[in-house]
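We did not get these values from a lab; they are worked out from the coordinates using the rules stated. Remember, it's a predicted structure, so these values are computed and weren't measured experimentally. Using ideal geometry, Cβ is built from the backbone for each residue, glycine included, and neighbour counts are taken over all protein chains shown.
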Amino acid sequence: MGRLARLARRLRGEAPDTIRVRIILRGRIGSGWYDVDRRVAVPAGATLEDLLDAAEREGIPVRAALAESPHLAHTLMWNGERCPVDTHRERRVEADDEIYLLGPLAGG
């Protein structure tokens with residue numbers, strides 16, 4: 001990690017062992033429209049469950065979206081790979097991972 005990245009982390013008040021994970025939440029989910037694209041800081045070694053908790057603390061409604069559209073829990077994308085939430089809760093996130101939830105585009 002370069003000096004600039006360390007300085008930015010310090011200015012944000014993040015611990016030295018903090019990593020950032022990108023969360024993208026888009027589309028019509030339940031009764032709402034979501035358009036979230038944010039990076040969330042978690043301690044190194046954090047799991048998907050820890051990331052979901054951190055996102056909620058930062059006001060990112062990931063758990064609400066999962067509750068409103070339970071099928072999203074089965075279609076969560078992690079770095080482009082489908083990863084159902086229930087079977088990956090304890091999987092560790094890595095720096096710059098991308099977690100993506102996309103509301104359905106059409107019914108059937």
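What do you get for Rg/Rh over region 31-74 if you use C-alpha atoms and the Kirkwood form of Rh?
Rg/Rh for region 31-74 comes to 0.98.
Just to confirm a number: summing +1 for Lys and Arg and -1 for Asp and Glu over residues other than H71 whose beta-carbon lies under 14 angstrom from that of H71, what do you get?
It works out to a net charge of 0.
Give, in nm to one decimal, the length gained when the segment between A44 and A64 is fully stretched (0.36 nm per residue of separation minus the Cα-Cα distance). Don't jump to the answer; show the numbers that get you there.
On the way: separation 20, 0.36 × 20 = 7.20 nm, distance 2.51 nm.
Gain on stretching A44 to A64: 4.7 nm.
Got a sec? How would V42, V62 order by Cβ neighbour count within 10 Å, fewest to most?
Ordered from fewest to most neighbouring Cβ atoms within 10 Å, V42, V62 come out as V42, V62.
Out of residues 5 or more away from D97 or on other chains, whose amide H comes under 5 Å of its own, with H placed 1.01 Å from N in the peptide plane?
R22
Taking neighbour counts of Cβ atoms within 10 Å as a proxy for exposure, in what order, fewest first, do H88, H71 appear?
Details: H88 17, H71 10.
Placing the least packed residue first, the sequence is H71, H88.
What net charge do the residues around R57 carry, taking every other residue with its C-beta under 12 Å from that of R57, with Lys and Arg at +1 and Asp and Glu at -1?
Value of the local net charge: -3.
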